[in-house]
Amino acid sequence: MGTSATTSGPDAPTPHDDPPPQRRGNRFPSSLRWTLVFFVVMVALIVAIWPRDSGSSNNLGSPTDNSGVAAVPDAKVDDATLAKARADAAVEPCPNNGLPESSGAVLAGVVAPCLATGSAYNLGAGTAGKPVLINMWAVWCLPCRRELPVLAEYARRAGDRVTVLTVHAEQGAGNPFAVLTFLREVGVHLPTVLDVDGKVAAALRAPRVFPSTILLRPDGTIATTLPKEFGSVDEVADAVRDATGVAT
């Protein structure tokens, strides 16, 4: 006759012992919880750094470029102060080549204030018929401060073979007094347009990198876009030659 096995000892369960409680599984796996935490943190960061639109292109508050550097806010000065700033800066008038404008020019019909006068300037008509070097810059851009004198020297070297025009970025363009003061400080007198509504940058498909240079062919089409800082006049001349075939 067989015998059944039994368990003895102090740890042996009794018939009245309750079974150990079953641990309820976590509804959210660990990987999902961390994904949710990451998502919440990223949304908070985006909200914190997203630029606020004040509702007016001329009232820019304290916008920033991609590097996070604060742009120059809109500022109003009286007419006499602005006129003196224009005289002190001695910025050259915006170009007017007097040549017919091509219908395919990217700047055809694009109008923006000319810094030298404050008057509306038609970029497509004014730059028609010649290779054009357009430099996108801003007063809050440190590389721009280094590069603008190089471009001014290149403009003197190129003479009337290439039109050189600078365009101040939309962020800060509503403050012509600051732009004039900056150019006076660096001793640069290049003709300058204020891109107050961003239409110039949009027409040129300019990157949000400052400085950037866009080279146009004589027919007004884009030859190349160079989001970089030029360090020498020869470097600029090489870029113009490679893009347009014009030696300067």
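Just so you know, all these numbers are worked out from the coordinates, no wet-lab data involved. As the structure is a computational prediction, the values presented were derived from the model and not from experiment. Quick reminder, even Gly has a Cβ in these numbers, built from the backbone with ideal geometry, and neighbours come from all protein chains shown.
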Under a plain spin-label model, where a point goes 7 Å from the Cα along Cα-to-Cβ, how far apart in nm are residue 246 and residue 219?
1.6
Relative contact order of the range 104-199 (C-alpha contacts under 8 Å, at least 6 apart) in percent is 34
May I ask for the equivalent-ellipsoid semi-axes of the range 158-248, computed as the square root of five times each C-alpha gyration tensor eigenvalue and listed largest first in whole Å?
23, 17, 12
Karplus-derived 3J(HN,Hα), 6.51/-1.76/1.60, for each residue of the range 84-99, Hz, glycine and proline x
5, 4, 5, 5, 5, 6, 6, 5, 5, x, 5, x, 9, 6, x, 10
If the reach is capped at under 29 angstrom between alpha carbons, list the lysines near residue 76, excluding any in the same chain fewer than eight residues apart.
84, 199
Per-peptide average of other Cβ atoms within 10 Å, ordering 122-130, 195-203, 167-175 highest first:
167-175, 122-130, 195-203
